[in-house]
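Worksheet: one structure, shown below.
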Amino acid sequence: MKTKITIYLLAIGILISGCSTKSQKENTLNISGAFALYPLTVKWAEEYQKLHPEIRINISAGGAGKGMADVLSGTVDMGMFSREIEPEEIEKGIWWAGLCIDAVIPTISADNPYLDEILQKGITRDQFRMIFVTGSIADWGFLTNEANKGIIEVYTRADACGAAGTWASYLDCRQEDLKGIGIYGDPGLAEAVSKNPNAIAYNNTAYVYDINTGQKRPGIEVVPIDINENGTIDPEENFYGSFHSLLAAVSEEVYPYPPARELYFITKGLPVKKSLLDFIRWTLTDGQKYVSDAGYVPEPGEKIVKYLNKTY
Amino acid sequence: MLKTGTVWKQLSSGWMVSSLTVILSIPFLIGVALLIKSTPLFSSQSLWQLIGTSEWAPSEGRFGFLPFIFSSFYVTILSFLFAAPVCLLSAIYLTQFASPRLSTIMHPVIDILAGIPSVIYGVWGILIIVPFISQVAAPLFGTTSPGYSILAGGIVLAVMCIPYMLNMLIETFRTVPVGLREAALSLGATGWESVKHVVIRKSISGIISSFGLGLAKAFGETLAVMMVVGNMVRLDANPFQAGYPLPALIANNYGEMLSIPRYDSALMFAAFLLLVIILIINLVFRYFIYKAQKV
């Protein structure tokens, strides 16, 4: 008899714990997606929960692709997203709001034997295309018009991600068209390119610069983009010295778009959850003051207004 | 009293049968689900085009799985070539020649190796094997390699499979009666001859099945291989170049799946292929075991 009662009590307990109240569900926000937006979203969540202690925000990073897949399948309330939204995705009912701007930058090893030439001449968009997409430049000798100076080892991201999507759209193609050895994850790619003197790759700014010191991480060097294609890096094209000067160039749109890019929150249709809408509105208004300190470029004012209007 | 006994008996045997049915039907259900999900793919390409061509351009709707199948087999076979002889010889040594103390020490060591998460093997591969291949192994063979390669995948996979194969081989050799070996020794056979003609011959079906299970495990391993294999879609017999095995394809592109039309079907089809190939590997080894037991 006693055991029976215990079993019934246990069963009731399980049933009760299984159903959470409606308000609890309403106040819990699940977010997943891009690594690029993760640090800022964590910061936002911390500050927002200080103001609204009843809200619980769960955030997991797993790449822009995962954010999109999770949102479309309904496993999370909102995704963090770090590349242009494709027409197919808009067709599926994706709703988005831009929050801030960061950039993908081409990288090489600090031990690259042609470092001086690269820093002085830069590489043009066409040359990047020939290195990453068509493969018609395969030797570092192209810098000095010599042959057989060392094979260019192209590294790219293996996982579906915003950095690769953005870099590909700069080169007018898609992630699947980027040639090269596929490495898993942004930290892995930064590690691989800094170790191999002949390598070239691209990274999120957060993995090239140390956010606290504003300096480049040891072993990694940025390839300056020859924006005006005159074969040399002019003083106004040389803004890679510190994180601060790079972000300034991105915000003044000296650095091209893409590989500079907007970072988004995405949901499936305009959010119906009021708590989620409130959070998104807060990130677009009061939340914007945390953007610069976290290492991102704020959106221009008129765009913020546009996105804010989308939420109503 | 008697009645409740029979009821219990029937009930419990009913439970057992139904749990067995569940276990047996799961792989079948998985296969059917994957096949249904991948059918949209067949509307544009025939089965032969899918598994026999090597052009991979998802956004243009062209899916050729040959490079992935090829890389999967290549990595698996390389790892098998590395692991199988090592496992066989160490299992023989541990069961037939080593002091009992050594085998009691080795047992927990093997279990610990088997319990290490695959991501650790992957990191180890990036830190040790990849630089080793690009700086030592490739120049030794007069070629160049970025390090991230089929060979790196094979080596990491071999190390991961060793504990499994070794454990099964040791168990197999343990079951050979000591009397058989003693009889061979008393007839004048040397230690090695007794192993070769008695122990190995007696346990041949066990050896084959442990190799088969090791191969199937290697074929499906994802994370560690994905971290070192280079993930490039190419059909290249050079083991110093990168490859792209099937499990890595699924894991890497899971996120893109819902954005590009028919991509989800393609990934489901990749999973289906993986399932079918592993089933075939198991069936082939079943056949070998059956043959070996008959002899």
query = According to the square roots a ≥ b ≥ c of the eigenvalues of the Cα gyration tensor, what is the shape class of the range A:148-219, taking rounded for a/c under 1.5, prolate for a/b larger than b/c otherwise, and oblate for the remainder?
reply = oblate
query = Measuring from centroid to centroid over Cα atoms, what is the spacing of the range B:18-89 and the range B:119-139 in Å?
reply = 27 Å
query = Taking neighbour Cβ counts within 10 Å as the exposure measure, how do B:136, A:250 sort from fewest upward?
reply = B:136, A:250
task = Quote the relative contact order of chain B in percent (integer), defining contacts as alpha-carbon pairs under 8 Å separated by 6+ residues.
result = 27 percent
key: Top positive-direction residue, dipole computed over the protein assembly as shown with Cβ charges, set B:11, A:42, B:79   = B:11
remark   = Most exposed to least, judged by fewest other Cβ atoms within 10 Å, A:133, B:22, B:225, B:276 sort to B:22, B:276, A:133, B:225
ask   = Once the convex hull of the C-alpha atoms of the protein assembly as shown is built, how many Å³ does it hold per residue, rounded to a whole number?
value = 237 Å³
Calculated FRET efficiency for the pair residue A:248/residue A:282, C-beta based, R₀ 30 Å, to 0.05 = 0.65
Check: the range A:103-251 dipole with +1 on Lys, Arg Cβ and -1 on Asp, Glu Cβ, in debye = 300 debye
Pairs from A:121/A:195; A:43/A:310; A:66/A:92; B:202/B:291 whose Cα-Cα separation, in the structure shown, is over 19 Å = A:121/A:195; A:43/A:310
note = With no solvent term and unit scatterers on the alpha-carbon positions of the range A:251-312, Debye gives log₁₀ I(q)/I(0) at q = 0.18 Å⁻¹ of -0.74
ask   = When the helices in the protein assembly as shown are scored as -39500 (n - 2.57) per DSSP H run of 4 or longer and the sum is shared across all residues, what 222 nm value do you end up with, to the nearest 500 deg cm²/dmol?
value = -16000 deg cm²/dmol
inquiry  = Using a Cα-Cα cut-off of under 12 Å, which aspartates and glutamates could be cross-linked to residue A:303, ignoring same-chain neighbours fewer than 8 residues away?
reply    = A:262
message = To test your reading of the geometry: what angle, between 0 and 90 degrees and rounded to tens, separates the Cα axis of helix A:2-18 from the longest principal axis of chain A?
response = 50 degrees
note = At the level of C-alpha centres, the distance separating the range A:110-154 and the range B:262-287, in angstrom, is 41 Å
key: Within 10 Å of each Cβ in A:180-191, the average number of Cβ atoms from other chains   = 4
note = Plugging the Cβ-Cβ distance of residue B:35 and residue B:171 into 1/(1 + (r/R0)^6) at R0 = 51 Å yields, to the nearest 0.05, a FRET efficiency of 0.90
message = I want to check the label-to-label distance for residue A:292 and residue A:146. Put each point 7 Å from Cα in the C-beta direction and report it in nm to one decimal.
response = 4.7 nm
note = Here the whole-number average of other chain Cβ atoms within 10 Å per Cβ of A:158-164 is 5
inquiry  = Sort A:167, B:8, A:95, A:282 by Cβ crowding within 10 Å, fewest neighbours at the top.
reply    = B:8, A:282, A:95, A:167
ask   = Rg to Rh for the range B:181-265: what is it, with Cα atoms only and Rh by Kirkwood?
value = 1.33
inquiry  = Could you check the spin-label model distance between residue B:114 and residue B:101? Points 7 Å from the Cα along Cα→Cβ, value in nm.
reply    = 2.6 nm
query = Looking at the P(r) of the range A:103-251, how many percent of alpha-carbon pairs lie beyond 26 Å?
reply = 17 percent
inquiry  = Let me make sure I get this right: for the range A:190-271, a, b and c are the square roots of the gyration tensor eigenvalues over alpha carbons, sorted descending. Under 1.5 in a/c it's rounded, otherwise prolate if a/b > b/c, else oblate. Which is it?
reply    = oblate
request  = Could you tell me the distance between the Cα centroids of the range B:170-249 and the range A:201-237, to the nearest Å?
outcome  = 49 Å
task = List the equivalent ellipsoid semi-axes of the range B:50-294 in whole Å, largest first, each obtained as the square root of 5λ for an eigenvalue λ of the Cα gyration tensor.
result = 38, 21, 15
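Once you average over the residues of B:246-253, how many Cβ atoms of partner chains fall within 10 Å of each Cβ?
For peptide B:246-253, the averaged partner shielding equals 3.
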message = Under the 0.36 nm per residue contour assumption, what length would be gained going from the current alpha-carbon distance of residue B:290 and residue B:7 to full extension?
response = 98.0 nm
request  = Please identify, among B:98, B:271, B:224, the residue showing maximal mean-square fluctuation in a Gaussian network model of chain B using a 10 angstrom Cα cutoff.
outcome  = B:98
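We did not get these values from a lab; they are worked out from the coordinates using the rules stated. Just so it is clear, the structure is predicted and the values come from calculations on it, not from any experiment. Cβ coordinates were reconstructed from backbone atoms using ideal geometry, including for glycine residues, and neighbour counts include every protein chain displayed.
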